[in-house]
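The values are calculated or read from the model by the stated rules, or taken from the named source; none is laboratory data. Being a predicted model, the structure only gives us computed values, none of them experimental. Ideal geometry is used to build each Cβ from the backbone, glycine not excepted, and the neighbour counts take in all protein chains shown.
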Amino acid sequence: MVDAILNDALAGRDLSPEQGVVLLKQTDRSSIAAIKETADRLRQQQAGDRVTYVINRNINFTNICEQHCSFCAFRRDEGEDGAFWLDTAQILEKATDAVGRNATEICMQGGLNLGAKISGGSLPYYLQLVKTIKQEFPQLHLHAFSPQEVQFIAREDNLSYEEVIAALKEAGVDSMPGTAAEVLDDDVRRILCPEKIDTATWLEIVSTAHRLGVPTTSTMLSGHIETPEQQMGHLDRLRSLQQTALARGYRAAITEFILLPFVGQEAPKPLRHRVGRDQPILADALLLTAVARIFLGNWIPNHQPSWVKLSLDGATEALKWGCNDLGGTLMEEHITTMAGAVGGTCMEVETLQQAINSLDRPYGQRDTLYRLL
């Protein structure tokens with residue numbers, strides 16, 4: 001059964017979600033080794049041997065948030081210890097530092113802060129965030145605001161998703177993070193993030209971005225309460241989303257898939273106790289990484305592990321399981337670090353290069369849209 005499925009994949013055929021579940025449920029070492037080998041061969045065919053990275057900086061502009069996701073150790077209420085909300089000068093200082101360190105990208109996301117308004121409007125505040133960076137550094141690629149943030153702005157200002165995305169794009173947003181996806185299964189979302197947008201809304205907002213010419217990434221938060229069937233359902237929805245963008249000739253699509261294993265050390269107690277561990281299980285993350293490559297690679301060729309969540313050693317190992325990109329330097333990372341991740345918050349370019357060299361694979365700096373620099 002496993003051999004037949006892997007042969008289908010190597011022949012270029014798209015697997016069904018049911019075939020993916022079979023692969024995810026393997027425990028036999030030889031079967032897992034065959035899945036790894038297949039993912040690596042497909043990676044070579046679909047993305048080549050070069051491992052890419054991007055020089056970027058994260059700016060989490062606030063952790064004040066109206067929502068209470070069961071996995072989140074980042075959010076705070078206004079006035080609570082540890083709450084922060086960066087002002088314009090602080091954001092500009094971080095962007096200036098990024099440019100001084102040769103960054104080509106700023107990734108900007110934040111909590112859903114009800115106080116973040118200008119003249120009673122949410123959208124004007126977000127547009128100001130964009131202009132703060134773009135007016136000073138127009139050459140920076142601004143990768144900003146998740147589908148959840150788009151929905152939040154639209155709700156607060158009684159706007160359509162299209163109106164919000166179009167305004168952000170016109171102001172200078174170049175691409176959208178495919179975060180807030182967690183697991184695209186509403187049974188999981190009711191437990192994990194009951195206040196967040198549902199699966200259909202996430203898909204609608206990302207598809208709208210593609211139609212308007214805004215590229216997105218795609219992610220999955222894995223290794224908590226979801227089943228293999230739900231994992232494959234998530235990947236299937238991402239693949240269908242990409243197929244729609246390409247079939248309809250949209251001006252943009254999904255640029256990459258990033259697996260984000262759950263880090264629970266500082267997560268709220270109910271979910272942490274339910275999951276029963278503080279750090280990701282590397283073997284589980286690697287198997288899912290390989291299956292994601294096998295399932296998605298014909299449509300989304302760029303796959304990236306998270307060194308923040310897996311450590312650099314774990315992420316380097318993932319490059320043998322189907323990944324072709326090692327992500328960004330980040331320079332500063334709060335969301336996963338506050339959850340208790342041990343991978344660090346900043347990575348020097350030379351460190352990423354050394355990790356890639358250890359695999360005898362060539363490396364290359366890229367921009368956000370995977371163009372080599």
Worksheet item: Which one of these is acidic (Asp, Glu), surrounded by 18 or more Cβ atoms within 10 Å (Cβ to Cβ) and at pLDDT below 95: Glu317, Glu350, Glu333?
Response: Glu333
Worksheet item: Can you name the residue in the stretch 135-153 that is among the aromatic types (Phe, Trp, Tyr) and surrounded by 20 or more Cβ atoms within 10 Å (Cβ to Cβ) and is also nearest to Thr96 (Cα to Cα) among such residues?
Response: Phe145
Fill in: The listed residue being among the small types (Gly, Ala, Ser), in contact with a Pro (Cβ under 8 Å, 6 or more places away or on another chain) and under 26 Å from Asn302 (Cα atoms), out of Ser207, Ser222, Ser218
Ser222
Worksheet entry | Residue within the stretch 60-77 that is within 22 Å of Gly223 (Cβ to Cβ) and hydroxyl-bearing (Ser, Thr, Tyr) present | yes
Worksheet, complete the sentence: All conditions in (1) modelled with pLDDT of 95 or more; (2) in contact with a helix residue (DSSP H, G or I) (Cβ under 7 Å, 6 or more places away or on another chain); (3) within 18 Å of Val54 (Cα to Cα) are true of Pro362 except (2)
Item to complete: Scan the stretch 218-230 residue by residue and report those that are within 17 Å of Ala180 (Cβ to Cβ) and either of a type in the set (Ser, Thr, Tyr) or in a helix (DSSP H, G or I) (or both).
Response: Ser218, Thr219, Ser222, Gln230
Response to the item:
Checked pairs for the stretch 62-89, first in contact (Cβ under 8 Å) with a residue 60 or more places away in the chain, second surrounded by fewer than 14 Cβ atoms within 10 Å (Cβ to Cβ) and assigned to a loop (DSSP other than H, G, I, E, B), C-beta under 7 Å and 6 or more apart or across chains, list as Glu66/Leu114; Gln67/Glu195; His68/Glu195
Discussion item. Going through Ile133, Ile106 one at a time, which residue ends up being touching a helix residue (DSSP H, G or I) at 6+ places or on another chain (Cβ under 9 Å) and in a strand (DSSP E or B)?
Written reply: Ile106
Item to complete: Just give me the residues in the stretch 7-49 being hydrophobic (A, V, I, L, M, F, W, C) and touching a residue at least 24 places away in the same chain (Cβ under 8 Å), in sequence order.
Response: Ala9, Leu10, Leu15, Val21, Leu23, Leu24, Ile32, Ala34, Ile35, Ala39, Leu42, Ala47
Worksheet item: Of (1) of a type in the set (Asp, Glu); (2) in contact with a Phe, Trp or Tyr (Cβ under 9 Å, 6 or more places away or on another chain); (3) buried (at least 20 other Cβ atoms within 10 Å of the Cβ); (4) more than 27 Å from Asp284 (Cβ to Cβ), Asp174 satisfies all except one. Which?
Response: (2)
Worksheet item: Within the set of pairs 6+ apart or on separate chains, which have a first residue in the stretch 350-368 that is touching a residue at least 40 places away in the same chain (Cβ under 8 Å), a second that is assigned to a helix (DSSP H, G or I) and among the charged types (D, E, K, R), and C-beta atoms under 9 Å apart?
Response: Ala355/Asp313
Item to complete: Give the stretch 108-132 a look and list any residue that's surrounded by fewer than 24 Cβ atoms within 10 Å (Cβ to Cβ) and touching a residue at least 60 places away in the same chain (Cβ under 8 Å), or say none.
Response: Gln109
Item to complete: Being assigned to a loop (DSSP other than H, G, I, E, B) and surrounded by 16 or more Cβ atoms within 10 Å (Cβ to Cβ) is the filter here, so list the residues in the stretch 90-103 that pass it.
Response: Ala103
Worksheet, complete the sentence: If you go through Gly264, Gly249, Gly297, Gly276, the only one that is modelled with pLDDT of 95 or more and farther than 26 Å from Glu18 by Cβ is Gly249
Fill in: Residue satisfying condition, being β-branched (Val, Ile, Thr), farther than 20 Å from Thr255 by Cβ and either buried (at least 20 other Cβ atoms within 10 Å of the Cβ) or at pLDDT 95 or above (or both), within set Thr219, Thr208, Thr199
Thr199
Worksheet item: Looking only at the stretch 279-294, which residues are more than 18 Å from the chain's Cα centre (by Cα), buried (at least 23 other Cβ atoms within 10 Å of the Cβ) and at pLDDT below 95?
Response: none
